[in-house]
Amino acid sequence: MAELFYDDDADLSIIQNRKVAVIGYGSQGHAHALSLRDSGVDVRVGLHEGSKSKAKAEEQGLRVVTPAEAAAEADVIMILVPDPIQAKVYEESVKDNLKAGDALFFGHGLNIRYGFIKPPADVDVCMVAPKGPGHLVRRQYEEGRGVPCIAAVEQDATGKGFELALSYAKGIGGTRAGVIKTTFTEETETDLFGEQAVLCGGTSALVKAGFETLVEAGYQPEIAYFECLHELKLIVDLMYEGGLEKMRWSVSETAEWGDYVTGPRIITDATKAEMKKVLAEIQDGTFARNWMDEYHSGLKKYNEYKTQDENHLLETTGKQLRKLMSWVDNDEA
Ligand code: NDP
Ligand code: MG
Ligand code: MG
């Protein structure tokens, strides 16, 4: 059974007695920096020359310095720049500013798990990863709630790494919702697998294949869009609230019967065998290596895939339809 930690298990004074640097002010960075500050923590934000988010951070009352200055001043350094550039930022600005007993923090384990960043042995290496987008992390904190987090310690130089991670999690509201203890390896591998096989990759491919099947059979794209994409949210909301059971309770018996007999014809033993291969490539580092190569050689294939899908009939149909949906919160219209 997973180990769970709440507000009473975490001592906020630990992080209040440290100096924290948040490097990066994007989705996660702004949420961590603002919420730690509001929790009475001494925070500075580290941003590169020409940063677009610098003005916003300053407007919101934070002190912004360079990443190197932030790392030098602080004894807890949270790296919240995009994963593919973390190693560069670490080499250029953080490494030489680490002192024995400092703590290096991450919001995702990728760079440590695959050895792109190799911290010295005398610092703590910890992770606090909210299980939700940064803007929700901040909003929940402001509303007195929190987004559940997972926390891990890869290297416990001081012997107090986990207490420190829990204290940090409390500072961003995480222990209000619950913090689960994990490892860098488990977090990284399950996160990559989940987004590839199920959440992003699996779901996008399923929606596109269903949509194409209906349209190729002569049905109207607008109808196919509603059936294969729009209604997905309603189904997923029910699963989120009460698992498969609540979803099946809510849909018709006909839909439920179709679920049982057709689902396994779509996601077959062959699909599951492929999932196992995908997982093996995540575990042996093939995926991470390929992604870093793609990123640092100019994102050619990445941009090709992006353009292909932007022009897909599913997407152009959806864009038109969503303009007519006053109840859908979108910024496309
Ligand atoms: P974003 O892309 O939203 O933010 C990136 C930030 O880094 C921006 O403020 C950007 O500045 C800044 N930045 C870019 N280059 C540098 C540099 N050289 N030096 C200093 N700052 C720089 O990142 P995310 O918040 O999405 O991701 C951060 C980490 O959090 C990642 O490890 C990610 O895996 C993890 N994570 C993210 C989640 C999410 O909700 N997005 C969820 C859970 C974990 P500017 O734009 O001003 O140039
Ligand atoms: Mg991820
Ligand atoms: Mg239906």
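The values are calculated or read from the model by the stated rules, or taken from the named source; none is laboratory data. Computed from a prediction, not measured in an experiment: that's the story for all the values here. Backbone-built Cβ (ideal geometry, glycine too); neighbour counts: all protein chains shown.
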Look at segment 219-241 and say how many of its residues are among the acidic types (Asp, Glu) and under 13 Å from residue 321 (Cβ atoms).
-> 3
Of all residues in segment 191-247 being part of a helix (DSSP H, G or I), surrounded by fewer than 15 Cβ atoms within 10 Å (Cβ to Cβ) and among the hydroxyl-bearing types (Ser, Thr, Tyr), which is farthest from ligand 2 (Cβ to nearest atom)?
-> 213
Residues in segment 18-36: is at least one over 23 Å from the mean Cα position of the chain (by Cα), more than 28 Å from residue 285 (Cβ to Cβ) and without any contact (Cβ under 8 Å) to a residue 40 or more places away in the chain?
-> no
Among 229, 234, which is assigned by TED's automatic domain parsing to the domain that holds residue 272, over 27 Å from residue 281 (Cβ atoms), touching a helix residue (DSSP H, G or I) at 6+ places or on another chain (Cβ under 6 Å) and within 16 Å of ligand 3 (Cβ to nearest atom)?
-> 229
Could you list, in sequence order, the residues of segment 160-198 that are among the aliphatic types (A, V, I, L, M) and out of contact with any strand residue (DSSP E or B) (no Cβ under 8 Å at 6 or more places or on another chain)?
-> 192, 197, 198
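Inspect segment 48-71 for any residue being within 16 Å of ligand 2 (Cβ to nearest atom) and charged (D, E, K, R) and give the result as yes or no.
Within segment 48-71, the subset within 16 Å of ligand 2 (Cβ to nearest atom) is none.
No: zero hits.
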Out of 110, 98, 62, 80, report the one residue that is among the hydrophobic types (A, V, I, L, M, F, W, C), assigned by TED's automatic domain parsing to the domain that holds residue 172 and out of contact with any helix residue (DSSP H, G or I) (no Cβ under 6 Å at 6 or more places or on another chain).
-> 98
Residue set 199, 214, 206; condition in contact (Cβ under 8 Å) with a residue 60 or more places away in the chain and either closer than 17 Å to residue 108 by Cα or of a type in the set (A, V, I, L, M) (or both); output residue 206
Selected residue (only one of 100, 87, 71, 55 is surrounded by fewer than 17 Cβ atoms within 10 Å (Cβ to Cβ) and part of a helix (DSSP H, G or I)) = 55
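Evaluate segment 13-30: report whether one residue or more is crowded, with 23+ Cβ neighbours inside 10 Å and touching a His at 6+ places or on another chain (Cβ under 6 Å).
Here is the first cut: in segment 13-30, the residues crowded, with 23+ Cβ neighbours inside 10 Å are 15, 20-25, 28-30.
After this cut, where a residue has to be touching a His at 6+ places or on another chain (Cβ under 6 Å) as well, the list is 22.
Yes, there is a match, as at least one residue in segment 13-30 is crowded, with 23+ Cβ neighbours inside 10 Å and touching a His at 6+ places or on another chain (Cβ under 6 Å).
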Filter segment 151-181 for residues that are touching a Gly at 6+ places or on another chain (Cβ under 9 Å), of a type in the set (Val, Ile, Thr) and surrounded by fewer than 24 Cβ atoms within 10 Å (Cβ to Cβ); which is farthest from residue 105 (Cα to Cα)?
-> 158
For segment 247-282, name all the residues that are under 30 Å from residue 114 (Cβ atoms) and among the hydrophobic types (A, V, I, L, M, F, W, C).
-> 267, 270, 273, 275, 278, 279, 280, 282
Residue within segment 294-309 that is touching a Lys or Arg at 6+ places or on another chain (Cβ under 9 Å) and assigned to a helix (DSSP H, G or I) present | yes
Subset of segment 130-155 (residues that are among the acidic types (Asp, Glu) and either in a loop (DSSP other than H, G, I, E, B) or modelled with pLDDT under 95 (or both)) | 143
Of the conditions (1) of a type in the set (S, T, N, Q); (2) within 30 Å of residue 125 (Cβ to Cβ); (3) within 16 Å of ligand 3 (Cβ to nearest atom), residue 213 fails just one. Which one is it?
-> (2)
